[in-house]
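K.L.:
First the structure, which I've put down as structure tokens, then a few questions once you've had a look.
The values are calculated or read from the model by the stated rules, or taken from the named source; none is laboratory data. Quantities reported herein were computed from a predicted structural model and do not represent experimental measurements. For neighbour counting, all protein chains shown are included, and Cβ atoms are generated from backbone atoms with ideal geometry for every residue, glycine included. Only protein heavy atoms, including side chains, enter the accessible area calculation; ligands, DNA and RNA are left aside. Shrake-Rupley method; radii C 1.70, N 1.55, O 1.52, S 1.80 Å.
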Amino acid sequence: MNPFANQDNTMIPTLTPEQRTQLLAPLTEWQLIPGRDAIQRHLRFADFNEAFGFMTRVAIKAQEMNHHPEWFNVYNTLDITLSTHDADGLTERDIQLASFIDALSSGTSGT
């Protein structure tokens, strides 16, 4: 079974223009990356321990979804980029993981 496929083994489609408008609207903390069909969010935490704990919680969810973010962490900062590599662009998986990250960050000092 292809890990990038839906349950019925069909490939995951990228977002349509209508879906993009509708589904990205609530993700106000995320920015489109110029020249790439991906979104990115920057977070800042109180310290490394808080940042790493946040990353751990996201990693657990990402593993459950079989959808792993690109991220870059230095001390108390974290940059997260989401795009579905096999689909070569944004899919509903990215929206779901971004929504999870937003909900999780609302309970921390991550900004």
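K.L.:
Could you calculate the contour length gain from Phe100 to Asn49, that is, 0.36 nm times the residue separation minus the distance between their Cα atoms, to one decimal place in nm? Show your work: numbers first, answer last.
P.N.:
Numbers: separation 51, 0.36 × 51 = 18.36 nm, distance 2.01 nm.
Between Phe100 and Asn49, full extension yields 16.4 nm more.
K.L.:
Using r as the Cβ-Cβ distance of Arg36 and Ile60, and R0 as 25 Å, what FRET efficiency do you calculate, to the nearest 0.05? Mind dumping the intermediate values first?
P.N.:
On the way: r = 26 Å, r/R0 = 1.05.
The pair Arg36/Ile60 has a calculated efficiency of 0.40.
K.L.:
What net charge do the residues around Ala38 carry, taking every other residue with its C-beta under 14 Å from that of Ala38, with Lys and Arg at +1 and Asp and Glu at -1? Could you put the intermediate results ahead of the total?
P.N.:
Details: positive: Arg20, Arg36, Arg41, Arg93; negative: Asp37, Glu70, Asp79, Asp86, Asp88, Asp94.
Once positives and negatives cancel, what remains is -2.
K.L.:
From zero up to wherever the largest Cα-Cα distance of the chain sits, split into 5 Å bins and tell me the percent of pairs in each.
P.N.:
2, 12, 23, 24, 19, 12, 6, 2, 0
K.L.:
Moving on. Taking the full set of protein chains and a 1.4 angstrom probe, give the accessible area of Asp79 in square angstrom, rounded to the nearest 10.
P.N.:
Approximately 50 Å² for this residue.
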